[in-house]
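Q: Please read through the structure below; I'll follow up with questions.
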Amino acid sequence: MIECVYQNETNKMVIIKCIGQFNFYLEKVVMPKELFWFEAPKEARLELWKMSPQGQMLDIRGDASDYSVEKIMTTETAYAS
C-alpha cells in the first residue's frame, strides 16, 4: 500500500474511484478545495469523475502511484533545487 493525496482544486465536487487487486475499492466525494489522503495498492487505478448537467463524467484516469505522497514530495524538491 502507498500513501496518496488528491487536492480538488476545482469549484465543483469530484468523485474519486480507486480500483485495485484483491477486490480493493475506494470511492469518495471530494468537495471543492478539499484535500483527501488515502492508501491504495501500488498498482491500483484511479478515476476522477466530475459532475456535469448530464450526470457524472469521467475526467481523468490514471495510476494511484501518480498521486503518491512520495512522488509529490520528490517533484516539489526537484523544483526547489
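Read the figures in this text as sums done on the coordinates, not as results from a lab. These figures come from a predicted structure and were not determined experimentally. No Cβ is skipped: glycine too gets one built from the backbone with ideal geometry, and neighbour counts run over all protein chains shown.
Q: Exposed loop sites here are trypsin sites (Lys or Arg not before Pro) in DSSP loop states with at most 16 other C-beta atoms within 10 Å. What is the longest stretch of the chain lacking them?
A: It works out to 43-81.
Q: Could you list the residues of the range 30-72 with an amide nitrogen less than 16 Å from a label point located 7 Å from the Cα of Val5 in the Cα-to-C-beta direction?
A: Label zone hits: 33-40, 65-72.
Q: Counting other C-beta atoms within 10 Å, and keeping those with at most 14, which DSSP coil chymotrypsin sites (Phe, Trp or Tyr not before Pro) do you find in the range 10-67?
A: In loop regions of the range 10-67 (DSSP not H, G, I, E or B), the sparsely surrounded chymotrypsin sites (Phe, Trp or Tyr not before Pro) are Phe22.
Q: Report, in debye and to the nearest 20, how large the dipole of the chain comes out about its Cα centre when Lys and Arg carry +1 and Asp and Glu carry -1 on their Cβ.
A: Computed charge dipole of the chain: roughly 260 debye.
Q: Let me ask something else. Using the basic label-point model (7 angstrom from Cα toward the beta carbon), what is the Asp63 to Glu39 distance in nanometres?
A: 2.1
Q: Moving on to the next point. Under the rule of -39500 (n - 2.57) per DSSP H run of 4 or more residues, summed and divided by the residues of the chain, what mean residue ellipticity at 222 nm is obtained, to the nearest 500 deg cm²/dmol?
A: Counting only the DSSP helices, I get -4500 deg cm²/dmol.
Q: Sticking with this structure for a sec: Under the Karplus relation 6.51 cos²θ - 1.76 cosθ + 1.60, θ = phi - 60°, what is the ordered set of whole-Hz ³J(HN,Hα) values for the range 4-19, x standing for Gly and Pro?
A: Values, residue by residue: 10, 9, 9, 10, 7, 8, 8, 9, 10, 5, 10, 9, 9, 10, 10, 10 Hz.
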